[in-house]
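Chemist: I'd like to ask some things about the structure below.
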Amino acid sequence: MFSKCIRANKLICRNAALATKSNKVSIVPELQSIQDNASKVWSNDVLKQYYNSRVIEPLEEVMKMFNEKASNPDEAINNVADINQKFITKQLKDNLFTGQGKKTFTKLSLVNNSSFALSSLKGEQAELSINPVQTPNLYHLIMRSFGSLEEFEKLLLLSAKNIQGDGFTWLVLNTDMTRKNFTEDKSYQDLMSEFKMDSLEYNYDNDAIKIINSLHSLKVLNTYNAGSPFVFDRFNGAFEKTLLYIENSAEVQTKRKEKLDALRKELEQRFLRDKDPTVEKDSLSYMYEMYKQEKRINLSLNLLIKTDPVLAIDCSPKLWLLDYGVEGKMEYLKNLYSVTNWALIEKRLVTHLESVQK
């Protein structure tokens, strides 16, 4: 009787674990959904072949390797649909700096990039335009960063067109962490108002606008093969700096605080002495000097800019060569742009804006 209870409890626990896994949001977009949303972009044969070779088959290989190493059968993953972003991110970090893990890292990075790009599409019947009402944060950041919607589209598509071979073009949110950390210093907030004034023009729609102009901007960048801003942040491929960020982030923050505390004391003494001709004796020039020095410190510690991807375009010839021909890449990119889910891009953008401001 006792053994039956144990077996029953194990069965309950296993079912609960599987239920938990199935409830997590999968990283894998459904093929049928992609076909429905992007029928004007790809033929079914091209999309299916790409989807299987770039997403499903690599995930099945990684899933098999993970299950072979799993110490507990309940940890096993039996379906690629159960693989979520948290699992992918952990596997990327676990395999980033290991010789044996290089192949796994490359596969997962491509899966991560491809899934992110494919999930950014929406059907032709949906509202697709970028405008100040439906996508206010995206609209204002585009206008501020690129000047106009036309210039943004041109830069995005030309950047993608110029990739030769496999690669991705990204739209990323850049956050100036120097100014963010600086404005959070309660001792100096009152002196930072001039840096924040330019954000007030947008704060009119019940706080729908999350942008602080002095902190946030959009940028278009290219990565190649398995490169990704998800992993490498500012320096795509800079393994030493990435390792420092992943393993020693607490130590970096301690060093940063020590340097800034020493800098504040030094500058306060300079202003009190009235003998230093190189710095003006007023609070704003003091604050500006602090800002410049902190920027140098953050640059040396690789903390200057936080980069968060909100859109990816896969430029692989596998996605356009058969359907569009050698000269048809720009037509492919324009079709892809026309079915981009801008409401989702706005949602991603707001998530990152709010997380930085917490």
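Chemist: Filter the cross-link list LYS86/LYS265; LYS64/LYS306; LYS90/LYS347; LYS86/LYS329; LYS69/LYS347; LYS64/LYS219 down to pairs whose alpha-carbon distance in this structure exceeds 32 Å.
Modeler: From LYS86/LYS265; LYS64/LYS306; LYS90/LYS347; LYS86/LYS329; LYS69/LYS347; LYS64/LYS219, over 32 Å: LYS86/LYS265; LYS64/LYS306; LYS86/LYS329; LYS69/LYS347; LYS64/LYS219.
Chemist: How are the Cα pair distances of segment 22-119 distributed, in percent, across 5 Å bins from 0?
Modeler: Pairs per bin, as whole percents: 2, 13, 23, 24, 17, 11, 6, 3, 1, 0.
Chemist: In debye to the nearest 20, how big a dipole does segment 22-119 give about its Cα centre with +1 on each Lys and Arg Cβ and -1 on each Asp and Glu Cβ? All intermediate terms of the calculation are to be shown ahead of the outcome.
Modeler: Working: 12 positive and 11 negative charges, 80 e Å.
About 380 debye.
Chemist: On to the next question. I'd like to compare 62-74, 80-92: which one has the highest average count of other Cβ atoms within 10 Å, and what's the full order after that?
Modeler: Descending packing order for the listed peptides: 80-92, 62-74.
Chemist: Another question about this same structure. Skipping prolines and chain starts, which residues have an amide H placed within reach, meaning under 5 Å, of the one on ASP166, given they are 5 or more residues away or on another chain?
Modeler: Sorted by chain and number, the residues that satisfy this are ASN225.
We did not get these values from a lab; they are worked out from the coordinates using the rules stated. Since this is a predicted model, take the numbers as computed values, not measurements. A quick note on method: Cβ atoms are made from the backbone with ideal geometry, for glycine too, and the neighbour counts reach across all protein chains shown.
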